[in-house]
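The structure appears below as structure tokens.
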Amino acid sequence: MRSCQFPLAAALLVTAVLIALSAAVLAQQPPYDVFPPADPPYYRVRYEGSTQPGELVYPVNYTIWIPAGGESLRGVIVHQHGCGEGSCKSGLTGAYDLHWQALAKKHHCALLAPAYEQPEKADCQMWCDPRNGSDAAFQKCLADLGRKSGHPELATVPWALWGHSGGGHWAGGMVLLHPERVAAAWLRSGVPLLKPDPERPTIKAHTVPDAALKVPVMCNPGTKEGVTVKDGRFAGVWPANEAFFNQIRSQGGLIGVAVDPLTAHECGNQRYFAIPWLDACLSTRLPKASGDPLTAVPTDRAWLASPTGFEAVPAAQFAGDPLAAAWLPSESVARIWMQYVKDTAVTDTTPPPTPQNLRSSGNELSWEAEADLESGLAGFVIERDGQFLAKLPEQGKNPFGRPVFQNLQYSDTPTQPLVPMRFVDAKADVGKKHTYRVIAVNTVGLRSVPSVDCVTAGQ
């Protein structure tokens, strides 16, 4: 009996060891091994790096958020991190950003966040140049995520691209490679190269097809990246942005510049202009019917401004060379631009949406809430029995700009672990019923209509 059992046990042990070793080989390595779960409405795919010529050499993790409703998606908004481990790992939470979800929901678009698992000090060009395999991996993920989510149209819908640093290089490169697919592109502190640079011979220059000139693009460097501060690690960002802008704009391209007046390479408060700008572009460009081409941008509404100036005027009133001026699609966008380039204090008169589904378990409250499209979500006020009880968070965080409920990492994504919408009333009276309500507060201090009351049963 024992002689029969031993080989079986040994075989099982060997099998278990082999499975464990295989998993170890394929497992995500720190810092890419910690990320939120991807339960619907979130979906995720991951691909290992390839050793084949021309294919992506790094593993990559794609997470997507799908808005509620069964109708076909109209597009996908891509939030693309920058280079290095710190930025790359921040992509793991990009799809969970409530503010960016508000933009996606308005236009019934998906929100996609890649996370390229680039080792520290490895060559960023191996992913941020889309010709090195990340273009093909990105399009593959859209098809695969389309099948997983029940939205096969993801493989063919238009893209709205946002990219930081190397992500700006990637997003700009995708505009030049696939202008027919790109509704708009926001390039934060990074642009593709249009002419060979002898000092950076590993970076391949792009060509500019005529179709790319019809895609709205915004260059968004920090003032300390070579505009007003001419030295330091990121001093070359503005010269690269300026060269890219000049070449595209001189050919009639629909490209603008919005200099962040407060920052260097960090993202700062750019989302308070990036999101309204993308909102305007998507409102104009997304086709009414699925499968139709992108709509051309009207040219009769444009405003122009000096690329590093502070005032914008209707195009017909601009005194200088229009093909050397920053292009803005409309008066409403131009007025936000003027606020942003002055001090980033973009105003807002719209309160955030009312929190929903407030419920209790003992003395613990939980709820759901969406962010204000214009100003995001700073936090919540909790009331008990009609009186102020607490502020959540007690002290808002964000080392790079306005305090936000989810906090933000360097590449403009929520920190981990994700902050729950939950509050424990440690001072609730035992055995007494209490009535609670929750109020959302956006980043300019405007408050929502209170939630529906939640009455506890008494504990």
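The values are calculated or read from the model by the stated rules, or taken from the named source; none is laboratory data. Just so it is clear, the model here is predicted, and its values are computed rather than measured. Cβ atoms come from the backbone with ideal geometry, glycine included; neighbour counts cover every protein chain shown.
Values as computed for the structure displayed
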item: Residue check, Glu374 outside any strand (DSSP E or B) and of a type outside the set (Phe, Trp, Tyr); result: yes
item: Flag for Thr443 being surrounded by fewer than 17 Cβ atoms within 10 Å (Cβ to Cβ) and either among the hydroxyl-bearing types (Ser, Thr, Tyr) or in the same structural domain as Ala264 (by TED's automatic domain parsing) (or both); result: no
item: Helices (runs of 4 or more DSSP H) wholly inside the range 108-197 that include at least 1 residues being free of Cβ contacts under 8 Å to residues at least 40 places away in the same chain; result: 134-149, 166-177
item: Residue match in the range 391-414 (condition: under 19 Å from Ser361 (Cβ atoms) and either charged (D, E, K, R) or buried (at least 18 other Cβ atoms within 10 Å of the Cβ) (or both)); result: yes
item: Selected residue (only one of His206, His265 is outside any helix (DSSP H, G or I), in contact with a Ser or Thr (Cβ under 8 Å, 6 or more places away or on another chain) and surrounded by 15 or more Cβ atoms within 10 Å (Cβ to Cβ)); result: His265
item: Condition met for Gly320 (crowded, with 22+ Cβ neighbours inside 10 Å and out of contact with any helix residue (DSSP H, G or I) (no Cβ under 9 Å at 6 or more places or on another chain)); result: no
item: Answer from Asp279, Asp348 - the residue that is surrounded by 14 or more Cβ atoms within 10 Å (Cβ to Cβ), more than 19 Å from Gly253 (Cα to Cα) and touching an Asp or Glu at 6+ places or on another chain (Cβ under 7 Å); result: Asp348
item: The one condition in (1) surrounded by 21 or more Cβ atoms within 10 Å (Cβ to Cβ); (2) out of contact with any strand residue (DSSP E or B) (no Cβ under 7 Å at 6 or more places or on another chain); (3) of a type outside the set (A, V, I, L, M, F, W, C) that Gly256 fails to fulfil; result: (2)
